[in-house]
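The values are calculated or read from the model by the stated rules, or taken from the named source; none is laboratory data. Here the structure is a predicted model, which is why all the values come from computation and not from measurement. Ideal geometry is used to build each Cβ from the backbone, glycine not excepted, and the neighbour counts take in all protein chains shown.
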Amino acid sequence: MNGLEKELNRGLEEALKVIFESIGKLLKGIFLGIKQLKNLKYLIAFGCMVGIAVSAYFLRGFIFKIEAPIYIQRLIYLTFLCVPIIYLVCIGNVKDKIQEKYRQMFKEIEFKGKDNKYPYFLGVREADKKLIYTFKSNISIDEWKGNKGRLETAMNCNILQYEQENNKKVIQLTTVPADFKIPTMLKWDDQYIEQKDGVIKLGESALQQISFDLNRVPHVLAAGETGSGKSVILRVCLWQMIKKGCKVFMIDFKGGVEFGLRYEDFGEVITERKRALEVLTLLVEENEKRLALFRQMQVKNLAEFNSRTGKNLCRIGVFCDEIAEMLDKTGISKEDKPLFEQIEGKLATLARLSRATGINLFLGVQRPDAKILPGQIKNNIPVRISGHFADKAASEIVLGTTDAGNLPDIKGRFLFKVGNEIIQFQSYYFDDDTMLHDVDVTVGGTLTEMKEVKKQVKGLDDIKIFEETPKVKVKKLEDAEGFDLNFDYNSMWDDALKKGGDE
Ligand SMILES: Nc1ncnc2c1ncn2[C@@H]1O[C@H](COP(=O)(O)OP(=O)(O)OP(=O)(O)O)[C@@H](O)[C@H]1O
Ligand SMILES: [Mg+2]
């Protein structure tokens, strides 16, 4: 074979290679394009393209009447007929390019599965101001969560939520652009109050309103440096409890500075340690009675008890704005120590045992170290709210992670944690001056207060507890109902069962 032939063969080979590659690309484009048709938007557009091709077929007479050489006429006709295929190739190629972009991105941050494969981009859609990405990979959801920071930097967004579809290989990331800002001021509005018993709203994240249900997670700890907004967020909770007709106790050893006179209209503001112990003792007792009654009646929680019996056993909220004031034993005298210890003991008992009984603790703390907040209390508080902490150890204590160290130092900006998920949100701003007003609610009763007015508390003088119902500014109280300790609960249970059966 001479040089010229060799050259020709090489040229032919290359031409064939280009032709096959082009055909391959075309087929791949068509294939990827067809896959895109799962998306309604593309499907409708494709339908239009088919419509154009079909119209061209039926109206070909017009095309061939165009004043142009026949090959031009044919070219125009053929182009019209091929419009659906051209469209498929276009959308297929765009998808291919995007997939390649994400593959490169994951490659750069070395985020890949054990099978050495990078996540495969399946799609992205817009919802509200969010972008929801879908990827397929062999990477567990925990690994995705663990690489949040790197992924956010690479994708230039904030990841708000991770969701795994039934098929564990497919993950959805809900994101907002990196420059998206949660508002820094969200005023409280009574319209936010949820009718459902136990649901408390806190504020808003980029994604949703933040709320929790006291029937599932009974106690709350709000921690943060001074000025972070703990008192405000606790008031948001307190106000909702008041508006829902709960009995509230506000423990404030700063002499009523935190919960001023105005709050005395809605519940008892406790400013003395001795009184705090009395009330906590009473609540422990109330809790025991409720537990026994619920067990006997086989109800899961307060909401179920009330709906079964048609009674109005009240939810009780204990608010303590700064638990260091109540529990920190540093520097106290020997005589005072037993009182501090007893208070701590009662609080720990409530935290541990009042999960279902509707006695809820709302505690605020500035410096959450173990000396101030013993593990036996902290570990029984499922709802954690943390403001910015310059000290990462404090963040660890509250959230179990250092995340509060990276939280912007904005008033009312908190991290919310129930279970493993941590969500950044802006708490509602509650202003006593403009937002406190008379309420029109029916406050339920307690098991303890009705008959047993006089009580003996160990180590204390004979005291009178609940001689009168805590004052609540209400317009109507006539439906309020308490419980008689001598009441025949068995017959009540029978009644409740009968009532349930009749419905
Ligand atoms: N959700 C919010 N939105 C906007 N501003 C807020 C919010 N919460 C608090 N602030 C502002 O921050 C100030 C301090 O809030 P707050 O008194 O609740 O802080 P704190 O954490 O209780 O501080 P301390 O530990 O000193 O008691 C408020 O007076 C208010 O101006
Ligand atoms: Mg405060």
(message) Any residue at all in region 164-181 that's modelled with pLDDT under 90 and within 16 Å of ligand 1 (Cβ to nearest atom)?
(response) yes
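Residues that are among the polar types (S, T, N, Q) and out of contact with any His (no Cβ under 7 Å at 6 or more places or on another chain): find the helices (runs of 4 or more DSSP H) completely inside region 1-107 holding 1 or more of those.
Working: elements: 3-36, 40-58, 60-63.
So the answer is 3-36, 40-58.
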(request) Please go through region 394-423 and pick out each residue that is within 16 Å of ligand 1 (Cβ to nearest atom) and farther than 12 Å from ARG384 by Cα. (result) ALA394, LEU407, PRO408, ASP409, ILE410, LYS411, GLY412, ARG413
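A quick yes/no check of all residues on (1) under 28 Å from GLY445 (Cα atoms); (2) away from ligand 1 (no atom under 16 Å from the Cβ); (3) out of contact with any Lys or Arg (no Cβ under 7 Å at 6 or more places or on another chain):
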site: THR309; (1), (2), (3): yes, yes, yes
site: SER354; (1), (2), (3): yes, yes, yes
site: LEU361; (1), (2), (3): yes, yes, yes
site: ARG367; (1), (2), (3): no, no, yes
site: GLY375; (1), (2), (3): no, yes, yes
(message) Residue under question is LYS244, and the condition is that it be more than 27 Å from PHE389 (Cβ to Cβ), more than 16 Å from ligand 1 (Cβ to nearest atom) and surrounded by fewer than 18 Cβ atoms within 10 Å (Cβ to Cβ); does it hold?
(response) no
(request) Look through LEU234, LEU280, LEU302 and report the one residue that is away from ligand 2 (no atom under 16 Å from the Cβ), surrounded by 23 or more Cβ atoms within 10 Å (Cβ to Cβ), aliphatic (A, V, I, L, M) and under 29 Å from the mean Cα position of the chain (by Cα). (result) LEU302
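Whether any residue in region 181-195 is on the phi < 0 side of the Ramachandran plot, touching a Cys at 6+ places or on another chain (Cβ under 8 Å) and surrounded by fewer than 13 Cβ atoms within 10 Å (Cβ to Cβ) is what I want to check.
Pass one, region 181-195, residues on the phi < 0 side of the Ramachandran plot: 181-195.
Checking which are touching a Cys at 6+ places or on another chain (Cβ under 8 Å) leaves us with none.
No: region 181-195 contains no residue that is on the phi < 0 side of the Ramachandran plot, touching a Cys at 6+ places or on another chain (Cβ under 8 Å) and surrounded by fewer than 13 Cβ atoms within 10 Å (Cβ to Cβ).
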(request) For VAL398, indicate whether it is hydrophobic (A, V, I, L, M, F, W, C), modelled with pLDDT under 85 and either surrounded by 14 or more Cβ atoms within 10 Å (Cβ to Cβ) or farther than 23 Å from ILE233 by Cβ (or both). (result) no
(request) From (1) away from ligand 2 (no atom under 16 Å from the Cβ); (2) in contact (Cβ under 8 Å) with a residue 60 or more places away in the chain; (3) basic (Lys, Arg), pick out the condition that doesn't hold for LYS417. (result) (2)
(request) Please name all residue pairs, on different chains or six or more residues apart, with Cβ atoms under 8 Å, provided the first residue is in region 362-377 and is closer than 13 Å to GLU396 by Cα and the second residue is within 13 Å of ligand 2 (Cβ to nearest atom). (result) ARG367/ALA324; PRO368/ALA223
(request) Could you figure out which of (1) out of contact with any strand residue (DSSP E or B) (no Cβ under 7 Å at 6 or more places or on another chain); (2) assigned to a loop (DSSP other than H, G, I, E, B) isn't true of PHE259? (result) (1)
